Every structure is written in structure tokens, then in C-alpha cells.
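The values are calculated or read from the model by the stated rules, or taken from the named source; none is laboratory data. Remember, it's a predicted structure, so these values are computed and weren't measured experimentally. So basically every Cβ, Gly included, is an ideal-geometry build from the backbone, and we count neighbours across all protein chains shown.
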Amino acid sequence: MTTSKIVRSVAWPGRKEMGEFLTQEWLVTNGLGGYASGTLAGALTRRFHGLLIASLPAPFGRTMMLNHLTEEVKLADGTTFQLGGEEQTDGIKLPCSPCLAEFRLEAGLPVWRYELGEVELEKRVFMPHFQNTTYVSYRLLSGHPARLRLRPYLYLRPHEGAVSEALPEEPYVLTIVGDRYEISAQAGGQFGGQTGGLKMNLPALKLKLDGEQAALTLDRGLMKDIFYRVEAERGYDSNGLLWSPGYFNADLSADRDTTLIASTEEWATVQALKPAEALKAERVRRVRLLSAAAPQAREGLGAELVLAADQFVITPAGRIEETARARAAGDEVRTVIAGYHWFTDWGRDTMISLEGLTLSTGRYAEAGWILRTFAHYVREGLIPNMFPEGEREGLYHTADATLWFFHALNRYLQATNDRMTLRIVLPILQSIVNFHLKGTRFGIGVDHRDGLLKQGAEGYQLTWMDAKVDNWVVTPRRGKAVEINALWYNALRLLEGWLEEEGETQASQQISGLAEQTRRSFNERFWYAEGNYLYDVIDGENGDDAACRPNQILSFSLAHPILNHERWQSVLEVVRENLLTPVGLRSLAPGHGDYKARYDGDLRSRDAAYHQGTVWGWLIGPFIDAWLRVHPEDAQGRRKLLEGFAPHLDEACIGSISEIFDAEAPYTPRGCAAQAWSVAEVLRCWIKTG
């Protein structure tokens, strides 16, 4: 198998103003949570855009190390071309390079092709797996030799750090050893000018230009004002300075590529592979990924999604104790980045994504590592909701992530029949149920009058509809939520079956009785007869909530449906008519008083719309599962439900799927440009409906 046919090309039709291309982005990752990313136009529009965002051990976490390169090519006749565009603090817009002829992904890796008069040039960006290293490589395809000038710009700061912190006049120290360069923050200073108190043990940024007649010219630290357009739109600090030590020059010829290497690794690691060898190794790794995937996902859109899925499965660099413990047991540590650019690993997202990211792609061992890792972190019957950036311990404020753990484990066991893992986690699963029965944190517990699971604590957002601004919880959903009880019932039935399989008949029968009580109460209490669908929440702070939301689809999309069969068709039709779009399900039906058609504005405005109409791509997965329950023979219709995602792969983050979309046409992509559960569920359903 080769990856030569897995190409997504974005045409660049002539000279355009940069604004038309600032919404299209590229992403390269390194398997550690680190990445490189930017706009196709070359301008920085997010504080998260950079050529090396390194994933470092706690307390640093992901750290911006190399923000930007300006790229100029000087031809033999003296003509100079700037390859990328940029926006400055005063709003001056430099036109996007008219010489960019094409952008494409080759097996998921970005390639730019430039036409500079009679000279044709190609640029690539890639990262070696498990290294905080980025290669930016240039190749002369045709024409006379030319001279390349690269000026690196940086502002060492935490991944989510503000861009507007002041830089001292000489913020960094440059050390030169031959053709190798190291840039570090001033001794005794703060971390990249931040005020968080992190001391000066940040790794140095290492730079090397591999090419003909390569040299660095110093000019005593040039500063550049940058305007981050998307941050301004999102209500964050959007103006800031970047610092440059000087510029690199090198000759471009057809005989040799010119490559800038940026890294936080030791020099021995950086120089272990030549750039061409590193690129070849990454291509071979991608061939292996495709070879391991389900047959339906080894070419075309399915193959692209397999490569996109790889970006989210990572080894967390910062949790050293976790790694030591796992390796002592013969495991490795894996987790899932919920979304790029700003999410870390979230328990809920990981469990929902696990099948699409790992099982559909043949990464069974890694799926097992993920499940066993999260099992270790169970506290008082809960798995962590998230691991904050740069922290070693998780946060547990979630009512559903633990129940999704049962779902993910079931899919894993169906794929692998790994009885050893089941036996390891079975006592933990029983303890989870016991904690839910007696009540655990955040008001999560069973109401023994009806067997339904309730949740809610003042100031917390415990379901997946978790938007919160300051002290305002937008959709608290305190009470008995419909999908929480569908997941609870599914978890009970799964545990019942596993206990029976392991010979624990009495315990299995006790769980069976609990499940039956939950099922009866659910069907008695959740049916909203006036609308022929399900209440979203019952016994809530304001009574029963009849808002038409997608959560109800889980009542018959899971392995063990809790909703009576005769009501499936009605619920499916209500959801299809009110919530289905080409790119997922709306989070609230139009016509409701809280419905928002667009997700934009500052943080408060966005979070007010986050689960109040905004479309979520991941929900297409449960919808298709439910659709197949009602229409098992509808082969044509089920694949049609995914058609809207194909053109989206040319929007936002090229080759990936966004977190959310506006609720109305044209369904503008919003939120994270690349989201784990969006990719995972579309890939899983692509295979399932193939």
C-alpha cells in the first residue's frame, strides 16, 4: 500500500485578498499533543498558530516555541517574492501571495506550491512522531537557482497565554555553536514574559538551517506587531509583539532541499535523522496506519479520516508518574486530545471517540491502554472529565463520562474479546455502580423511588452540554437528564452481562433488577405525549423540560435501548425534522425561546449559543445508529446522511472536521477547527454504512 493517491488539493485561483483564505487552516501533530498549525495564506490569525507548539512535561504543558516565519525568495534577476501574508497590529493587510498556485495535503501532510515567474517552488511542513521537532522544507521544482531568506519570529509563552504581555528589549539569549542555534529566555526572568511565576527551566528552542550556503545574519532582535484576527473576533487579546534574532539565507537549487529544523529535543535526537529520512519515516508510519485500518477506510475519504484520527491519539508528555506506572504493568500511556487547538484530553470525548479513533483504525492495543489508564483514575465512582494543561491530576465534574466508559469498554471487548482487561476493570465497574447507587460527588446518584439517575450541583455543568461563563451555567440541566439515564441503563445491562459471563450470577441478577426498574420508570416518566418525543430533563429545578434536543436519540442508539420499541420511529422523525442538518444535529430545535442560529461574538455570546441550536458533528454517529435501528435495510439513506461532511474537508482545518457549525445554512464551521469526536464518529459511521 502507498499513500500517493491520498491527496486533497485546494486550488488557488489567481491573486486574491488574504481575507478570503484566512478561514482555511492546516494542522500537523507529533503524537505528544504538540503541533504546528496556521492559515493556508501564511498569516497568523489565532494565538494558537505557530510552527512549533511543543508538548512539555508539567508544569509547562504545551508551549509556543516558534510562532512564525517570513519567507522571501530572490530570483537571479533580483526580483523578490514574499511567500506568505500577514496582518499587523494597525490592521494593515498585506495581500496574500499571488504566487501561491496550490495547497494540498499528501497523506495528510501539507504542501504549498508556488509559481514565481519562471521558478516553481514547493514547501512542506512535517513533524517526526514523538518529537517536539518541526521541519519546514523547500524544494526547487523548476527554473533557475534562487536565494531563500527565512526570518523566524517567536514569543515563548504558555499555549493559551495572552499574546499581549510586554516583551523586554532583549527578551531572549541566542547561543551559537557552529551551524546550530539555541534561543532561551533571559536567565532569572519569567517564562516568556508571563507573570505566572514559572522559573527559567524551559528548554531552549534549537534552530538549524540545512541547505546550500546556509547562514544566519543577526540584526540585534527585530520586533514585529501582529494582529490576531480570530482572537479579536472571539473577544480575547489580539495584538502582540514577536521577536526575531535575525534571518537565515540559503541557496535553492534542484539538487538539494533546504530545510529549517526547529526543536526542543536534544541535538543528538534532532540530528539522528536527516530531513529526507525523517520525511520518509513519517510516510512509512502513515502507510502502516492505513494498512491497519478497516478495509473500507484504506482509500478515499475514509483514508483521509484515518489520518485525521491519528492526530488525536497521543502519549501525554507531562504525566511522568502515569507513564512509569503503566510501563511497570507492561502497558504504555495513551489518551485523546479532544480538539485542536485548545482542548486537552477529556474523559467524555475520549470514551465517545474511542471506537472511531482506535477500533475502526485497528489500533486495538492503544484502545486497551486508554481504557486501563482511565480505569486507574476512577475516584468515588467517576472518571476524570478532563486533565488541565500542564497538570498531573484530573478534574471530575462530569455525570456522563463514566457511563460512556462502559460504552467504550463494550465496543473494545466486541472488537478484541480481551477478557483480561475485563477482569481487571470489573471490580472497578461494580464500585462505580455502587457509588452511583449511594450517591457520589456533585449530586450524582440514583433516586431509589424510581431507579433513575439524577445529577446537579450549584455552579457546575455536569452533562456534555457544559457551557459556563463566569458563574453562569448556560444549560445546567440539573435533575434527571434523558441521555444520562439512557447511558445509566446501558451501563447496567452491560455490567449485568459481563458479571454473568464471569460466573457472578447473583451479582448479575441484582444489577438486572436495577436495570428493569430504570427502564420502567424511564418509559413512564420521559415520554412527552404532546410532542411525541422525550423530555430532555425531568424533575428539574423548573419541573420537566420539554425542549426538543438531540440527547433523546441515545435512548435507542446504544447497545441496550431503554426506550420502548414502539416509540423509536416517532422520536427519530422528530429529531430528523427539527434537528438534522448535513453536518450533524442541532443542539436545540428552532422555535424554542433560547434558540440561537449563529455561534459568534465574544465568549459570553458564543457560550450562550454553544448548546442552544449550534450543530454538533459528533451527534451524527448516534443518529445513524438510531436510524439503522429503525431502517436496517436502508443502505442508500444511511450513507447519504454523511454526504455533507465531504465538502467540509475543504473548509476550516483542511482534511479534518470541526467541532461545531452554525445552526442554519450555510452551516459555517466554528469552534475547534479539528475535533476528535467529530472525526471519530464520521469515520466510524463511514465504515459502518459502507
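A compact table of results
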read-out: Of all residues in segment 135-177 being under 20 Å from SER263 (Cβ atoms) and basic (Lys, Arg), the one that is surrounded by the fewest Cβ atoms within 10 Å (Cβ to Cβ); value: ARG151
read-out: Residue that is surrounded by the fewest Cβ atoms within 10 Å (Cβ to Cβ) [pool: residues in segment 227-281 that are closer than 18 Å to LYS74 by Cα and small (Gly, Ala, Ser)]; value: ALA254
read-out: Filter result (in a helix (DSSP H, G or I), small (Gly, Ala, Ser) and more than 30 Å from THR361 (Cα to Cα)) within segment 242-298; value: ALA268
read-out: Residue within segment 430-444 that is within 27 Å of GLU496 (Cβ to Cβ), free of Cβ contacts under 8 Å to residues at least 60 places away in the same chain and among the β-branched types (Val, Ile, Thr) present; value: yes
read-out: Residues located in segment 113-142, provided they are under 23 Å from ALA54 (Cα atoms) and either free of Cβ contacts under 8 Å to residues at least 40 places away in the same chain or of a type in the set (A, V, I, L, M, F, W, C) (or both); value: VAL125, PHE126, MET127, PHE130, VAL136
read-out: Subset tally (residues that are farther than 14 Å from SER678 by Cβ and in contact (Cβ under 8 Å) with a residue 40 or more places away in the chain) for segment 307-328; value: 14
read-out: Residue in segment 383-391 that is surrounded by fewer than 20 Cβ atoms within 10 Å (Cβ to Cβ) and without any contact (Cβ under 8 Å) to a residue 24 or more places away in the chain present; value: no
read-out: Strands (runs of 3 or more DSSP E) wholly inside segment 440-540 that include at least 3 residues being farther than 22 Å from VAL575 by Cα; value: 445-447, 452-454
read-out: Selection count where residues are among the β-branched types (Val, Ile, Thr) and modelled with pLDDT of 55 or more, scope segment 69-93; value: 4
read-out: Lone unmet requirement of (1) among the acidic types (Asp, Glu); (2) modelled with pLDDT under 95; (3) within 23 Å of HIS159 (Cα to Cα) for GLU332; value: (3)
read-out: Among (1) surrounded by fewer than 14 Cβ atoms within 10 Å (Cβ to Cβ); (2) among the β-branched types (Val, Ile, Thr); (3) in contact (Cβ under 8 Å) with a residue 24 or more places away in the chain - the single one VAL284 does not satisfy; value: (3)
read-out: Selection from segment 245-266 of residues that are touching a residue at least 40 places away in the same chain (Cβ under 8 Å) and under 30 Å from the mean Cα position of the chain (by Cα); value: THR259, LEU260, ILE261, ALA262, SER263, THR264, GLU265
read-out: In segment 337-368, the residues that are surrounded by fewer than 22 Cβ atoms within 10 Å (Cβ to Cβ), among the hydrophobic types (A, V, I, L, M, F, W, C) and modelled with pLDDT of 95 or more; value: ALA365
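Results for (1) at pLDDT 90 or above; (2) within 18 Å of the chain's Cα centre (by Cα); (3) outside any loop (DSSP other than H, G, I, E, B), shown as yes or no for each residue.
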| site | (1), (2), (3) |
| --- | --- |
| GLY601 | no, no, no |
| ARG604 | no, no, yes |
| ALA626 | yes, no, yes |
| PRO632 | yes, no, no |
| ALA646 | yes, no, yes |
| GLY655 | yes, yes, no |
